[in-house]
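*Asks:* Right, I'll just put the structure down here and ask away after.
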Amino acid sequence: MVKVTGPASSNEASGSINKTHVHSTWKGRNYVRTNQTPRDPKSDDQVSLRAMWKWLSEMWSTLTGDEQATWLSIANDETFSPANAFLQFNQTEWSNFQAPSKTFPADRDDPLPAKTLWTASGEIHHAVLLSRLGAFGSNWGRILFRGPTGFSPSPANAIAIVTMDVRNELVTYLDQPLEAGVYFYNARNFGADGRMSGNLGERMVTVT
């Protein structure tokens, strides 16, 4: 319903008309826009995109000065900061199921060898995913996926990205909260150069 301020002929109004148009004001100016339904912030795609963006945001400050400098060419072309270039480029690559890279351009000529040291177990209202890096190489992180049995990992079913660049360090991720039931997980490693491994193997857990 539109709320009119002043006489019936007033030009100032707020609210919606038949849920199709919205009247409001911005900086003292009246405007009308189409009514849009917000995207589900808990949809699989949104969870995956937010997970990668959060991880990338945390990683920028860990890059060396030389690594950060490789993003200057994109930053200058697009007139924004090297940090934004790093975030925007890697986020776009992730939407195409490409792993992020510390430097630009990424070097993805060969796949990253898969390291299968990982387990999953079910607990009360959550699952515990444990990862350990057996050999360092150029490993940078691990992507965790959840789906039905036999699912194919993709950006649509990624639930988290964890940093894994220290050999034999145990990394724990808690997938929570979860309803009681059976869940299936898979994972992929990726390197600092943007290479991604194959699937590390499906794990089944029972959450109580």
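*Asks:* Only one of 150, 134 is exposed (fewer than 14 other Cβ atoms within 10 Å of the Cβ), closer than 23 Å to residue 186 by Cβ and in contact (Cβ under 8 Å) with a residue 40 or more places away in the chain. Can you tell me which?
*Replies:* 150
*Asks:* May I pose another question? Since residue 174 meets every condition but one in (1) under 20 Å from residue 55 (Cα atoms); (2) assigned by TED's automatic domain parsing to the domain that holds residue 53; (3) surrounded by fewer than 18 Cβ atoms within 10 Å (Cβ to Cβ), which condition does it not meet?
*Replies:* (2)
*Asks:* Whether any residue in segment 67-87 is in contact (Cβ under 8 Å) with a residue 40 or more places away in the chain and over 30 Å from residue 207 (Cα atoms) is what I want to check.
*Replies:* No: zero hits.
*Asks:* Can you spot a residue in segment 54-71 that is more than 29 Å from residue 147 (Cβ to Cβ) and touching a strand residue (DSSP E or B) at 6+ places or on another chain (Cβ under 9 Å)?
*Replies:* Checked against the condition, which is being more than 29 Å from residue 147 (Cβ to Cβ) and touching a strand residue (DSSP E or B) at 6+ places or on another chain (Cβ under 9 Å), segment 54-71 yields at least one hit.
*Asks:* Still on this structure, I have one more. Name every residue in segment 68-97 that is surrounded by 17 or more Cβ atoms within 10 Å (Cβ to Cβ) and among the acidic types (Asp, Glu), in order of residue number.
*Replies:* Residue satisfying the conditions is 93 alone.
*Asks:* Still on this structure, I have one more. Report, by residue number, each residue of segment 59-95 that is in contact with a helix residue (DSSP H, G or I) (Cβ under 8 Å, 6 or more places away or on another chain), assigned to a loop (DSSP other than H, G, I, E, B) and closer than 20 Å to residue 139 by Cα.
*Replies:* The answer is 63, and nothing else.
The values are calculated or read from the model by the stated rules, or taken from the named source; none is laboratory data. No experiment lies behind these values; they were computed from the predicted model shown. Virtual Cβ from ideal backbone geometry, glycine too; neighbours counted across all protein chains shown.
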